[in-house]
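**Student:** Here you go, one structure.
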Amino acid sequence: MSGVGRSMVLTFDDGPDPRYTPGILETLRAYDCRAMFFVCGEMAVDNQDLLREMEADGHVVGNHTWSHPLVPKLKPSRIRDELGSTSEVIERALGAPPLWYRAPYGAWNRISFEIGAELGMEPLAWTVDTLDWTEPGTGTIVRRVLDGAAPGVVVLSHDAGGNRSQSVAALRRYLPQLLDAGYHITVPRR
Ligand SMILES: [Zn+2]
């Protein structure tokens, strides 16, 4: 990752979900910040307008498999299907396949790295987990992000997979605070 400096990366997994993703996009737009969205194919296929909105705003759309399985439990052919079909949906919507992917639950195995590489993607993990999917309260999500803030940090949140209204509300609070603290919210370049 170039130009790390005081930069941080915000990532949102499992979407897009028309109930929550637009709220995330709206906040990022208000502060002119770019983020990464690791989308699931089964969500992306019905929400290609949201993929296009992400790209139009300069966000990076990554591959988070089709159906969010535990990758190490799958046969190589299924892993290829999960990643390949999701890349196809993204390519159909955006005109280019994704350059990044993230395994559900952060559960990678050797063959999934090989298949990802064959599909032209780099894996991206995270360093700060907001555990927002447990719905711990907006304030707790905000505190986890601000406590974890440091140069080069990659924050994991979710814009789908359940009620994510706390995740949407939390971004509205922590994003201006990160910017006030001098952080540059960015996306990795390839
Ligand atoms: Zn996920």
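The values are calculated or read from the model by the stated rules, or taken from the named source; none is laboratory data. A quick note: this is a predicted structure, and the numbers were derived from the prediction, not measured. Neighbour counts are summed over all protein chains in view; Cβ atoms, including those assigned to glycine, are modelled from backbone coordinates with ideal geometry. Areas reflect the complete protein model, heavy atoms only, side chains present, ligands, DNA and RNA absent. Shrake-Rupley method; radii C 1.70, N 1.55, O 1.52, S 1.80 Å.
**Student:** So S85 fits all but one of (1) open to solvent by 50 Å² or more (accessible area, probe 1.4 Å); (2) assigned to a helix (DSSP H, G or I); (3) not hydrophobic (A, V, I, L, M, F, W, C); what number is the exception?
**Tutor:** (1)
**Student:** On to the next question. Identify, from the list I24, I79, the residue that is more than 17 Å from the chain's Cα centre (by Cα) and within 16 Å of the ligand (Cβ to nearest atom).
**Tutor:** So the residue among I24, I79 that is more than 17 Å from the chain's Cα centre (by Cα) and within 16 Å of the ligand (Cβ to nearest atom) is I79.
**Student:** Still on this structure, I have one more. At least 2 residues that are farther than 20 Å from R173 by Cβ, in contact (Cβ under 8 Å) with a residue 24 or more places away in the chain and open to solvent by 10 Å² or more (accessible area, probe 1.4 Å) in each: list the strands (runs of 3 or more DSSP E) lying fully within region 1-70 that qualify.
**Tutor:** 60-63
**Student:** To continue, here is another question. Is it true that G58 is within 15 Å of the ligand (Cβ to nearest atom) and within 16 Å of the chain's Cα centre (by Cα)?
**Tutor:** No: the conditions fail for G58.
**Student:** Something else about it: With R34, R6 as the choices, which residue is more than 13 Å from the ligand (Cβ to nearest atom), within 12 Å of the chain's Cα centre (by Cα), basic (K, R) and over 16 Å from R102 (Cα atoms)?
**Tutor:** Checking each option against the conditions leaves just R34.
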